[in-house]
Structure formats: structure tokens, C-alpha cells
Amino acid sequence: MGVRRRGGPEALALVLLAAGLLCLATGLVPSHDASTTLHRIAPLLAFLFAVLILAELAARAELFDVLATRLARLAGGSHGALFALTVCLATVTTGILNLDTTAVLLTPVMIATATRIDAPPLPLAMTSVWLANTASLSLPVANLTNLLAADRLDLGVLRFAGRLALPQLAAVLATAACLWIFYWRPAVRGRGRYVPPGPHRAADPVLFRIAAATCVAFVGASWPGCRSRWSPRRARPCWSPRTRCGTAPRCAGVWSRGPCWPR
């Protein structure tokens with residue numbers, strides 16, 4: 001068995017890791033700052049790690065193949081209907097889950113769908129990848145930046161969604177138009193209606209049920225507590241002898257007019 005040679009991104013990641021450890025060892029990066037940063041991003045890294053494991057489990061259980069077959073059958077052989085379904089599915093999964101889950105879990109479904117109908121996989125894959133970014137404005141859980149903004153501004157889920165409803169709609173419509181013009185229309189031009197595939201049954205029904213139940217449980221466990229679990233602590237006013245009432249407090253080296261992040 002040969003040893004797989006590492007590609008450019010993996011080699012770059014190792015170089016950056018070595019550089020970071022060197023800076024930490026030589027004192028260029030204070031250990032306190034490194035510890036604080038690691039404490040803040042550790043839950044997010046654990047979340048992404050869990051998503052990757054879940055994606056591998058779902059792939060081995062053929063969950064993606066079953067979902068892809070049902071998606072292709074639901075479109076009824078129409079490429080336009082399949083496009084609309086994939087846009088809606090990517091938008092909903094990004095908003096309810098998050099962009100990482102859409103990119104990791106939904107992209108294999110799209111590729112499997114293309115395989116089932118003998119279509120180019122690029123348009124379907126780009127649909128999930130693009131909408132994983134542009135459809136992540138609607139809810140705090142959809143994007144890490146949203147979590148930070150909602151916590152900083154003290155916005156609940158409904159107020160946050162209300163303020164970003166129109167920008168989110170505009171972003172999704174613009175993305176859908178670009179996807180159709182640059183990817184879907186060239187790919188389906190000259191192709192007739194595809195033949196909907198037959199039902200796909202998983203080879204291991206027990207493993208399939210376990211994977212499906214795990215995905216549902218993961219969604220149920222992640223979404224309700226997203227704000228308290230994945231976001232930093234809420235901002236609090238910085239009171240110190242160096243600040244006076246009515247002046248801009250200084251916290252962690254950053255000047256601000258309002259509350260600032262705790263150290």
C-alpha cells in the first residue's frame with residue numbers, strides 16, 4: 001500500500017500550524033491570548049468535527065442516495081422543476097441548519113442526484129455551495145457571523161429574521177438567477193426531460209435508520225440552543241478606574257462607544 005502524497009491545501013495547513021506553534025513557543029503570540037481564542041473557537045470546531053463525522057455516517061448508510069432519488073423523482077423529469085427544488089432545499093437547509101451543514105451534507109445529495117439522472121454534477125453542486133453562503137442571512141444559526149451579530153445587538157431569532165428578510169430574499173433570487181444563467185441553462189440546453197429513477201433502497205436498512213435518526217437528532221439538538229451554545233458570551237459594560245461615565249470605555253485594546261466584549 002503506497003503512502004498518499006499530501007496536496008497543496010494540506011501542506012499549507014501544516015505550514016500554518018507549524019508557524020503558529022513557533023510563534024506561541026517564542027512568545028510572539030501571548031499564551032493568554034492564544035488560550036482565550038482557543039476557548040472561543042473550540043465549540044465551533046467541535047461542531048464542524050461532528051458534522052463531518054455525521055456526513056461520513058450518512059454516506060455509508062446511503063442516506064444521500066435515497067434522498068437524491070426522491071428529489072429526482074419529485075421533479076418528475078423536468079430540469080426546471082429540479083432546479084427550483086434544489087434552490088428551495090439548499091435555502092431551507094442553510095437557514096434552519098447552517099452553511100457548513102449545507103456544504104457538507106447537501107452537496108453529496110446534489111452530486112448523487114446528478115448521478116441518478118445521468119446529468120452533469122457541476123450545476124447541482126454549485127447550487128448547494130453558492131446558496132450555503134448567500135442563503136445564510138435569515139437566522140442566527142445559519143452563519144457564525146450572524147451569531148456574533150445577534151448576540152452583540154441583543155436580537156432574538158424573530159427580530160433578526162424580520163430585519164434580514166428582504167436582503168435574504170434578494171440574495172437568494174440573485175443567486176438563483178446567476179446559477180441558472182451560468183450553470184443550469186448551458187448544462188440542460190439540448191437535453192430533453194430526464195427519466196426519473198426508480199426507488200432506491202439502502203443495502204443496510206438498520207444503518208440507514210440509525211443515520212437518519214442521528215441527522216434528525218443533530219438538527220433538533222443544535223437549532224434551539226444555537227445562541228447560547230455556539231455564540232460567545234453577551235457583551236457587558238466595561239467598568240474600570242480608567243473610565244468615567246459618559247466616556248468611551250477601553251476594553252482589550254479597542255475603543256468603543258457602548259458595551260464591549262469581556263476579556
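Worth a mention:
- Against the test of being within 24 Å of residue 194 (Cα to Cα), touching a Ser or Thr at 6+ places or on another chain (Cβ under 6 Å) and β-branched (Val, Ile, Thr), the options 102, 107, 69 yield a single qualifying residue, 107.
- Subset of the stretch 135-149 (residues that are touching a Leu at 6+ places or on another chain (Cβ under 7 Å) and open to solvent by 60 Å² or more (accessible area, probe 1.4 Å)): 144
- Inter-residue pairs, beta-carbon under 8 Å, first at pLDDT 90 or above and in the stretch 186-205, second open to solvent by 60 Å² or more (accessible area, probe 1.4 Å) and part of a loop (DSSP other than H, G, I, E, B), 6+ apart: 194/118
- Residues satisfying the stated conditions in the stretch 150-159, i.e. surrounded by 13 or more Cβ atoms within 10 Å (Cβ to Cβ), over 18 Å from the mean Cα position of the chain (by Cα) and either in a helix (DSSP H, G or I) or of a type in the set (Gly, Ala, Ser) (or both): 151, 152
- Tally of residues being over 30 Å from residue 44 (Cα atoms) and at pLDDT 85 or above across the stretch 206-240: 1
- Residue selected from the stretch 106-122 under the condition open to solvent by less than 30 Å² (accessible area, probe 1.4 Å) and in a helix (DSSP H, G or I), by the criterion farthest from residue 189 (Cα to Cα): 106
- For the stretch 53-86, a tally of residues being open to solvent by 30 Å² or more (accessible area, probe 1.4 Å) and in a loop (DSSP other than H, G, I, E, B) returns 3.
- Selection count where residues are more than 20 Å from residue 75 (Cα to Cα), assigned to a helix (DSSP H, G or I) and open to solvent by 30 Å² or more (accessible area, probe 1.4 Å), scope the stretch 182-211: 7
- Scanning the stretch 87-98 finds no residues that are open to solvent by 40 Å² or more (accessible area, probe 1.4 Å) and part of a loop (DSSP other than H, G, I, E, B).
- Only one entry in 174, 170, 125 is buried (at least 18 other Cβ atoms within 10 Å of the Cβ) and not β-branched (Val, Ile, Thr), namely 125.
- Evaluated against (1) aliphatic (A, V, I, L, M); (2) in a loop (DSSP other than H, G, I, E, B); (3) in contact (Cβ under 8 Å) with a residue 40 or more places away in the chain, residue 137 falls short on exactly one condition, (3).
The values are calculated or read from the model by the stated rules, or taken from the named source; none is laboratory data. Values in this document were obtained by computation on a predicted structure and should not be read as measured data. Don't worry about glycine lacking a Cβ; one is built from the backbone with ideal geometry, like all the others, and counts go over all protein chains shown. The protein model used for the area step is the full one, side chains on, heavy atoms only, and it has no ligands, DNA or RNA in it. Shrake-Rupley method; radii C 1.70, N 1.55, O 1.52, S 1.80 Å.
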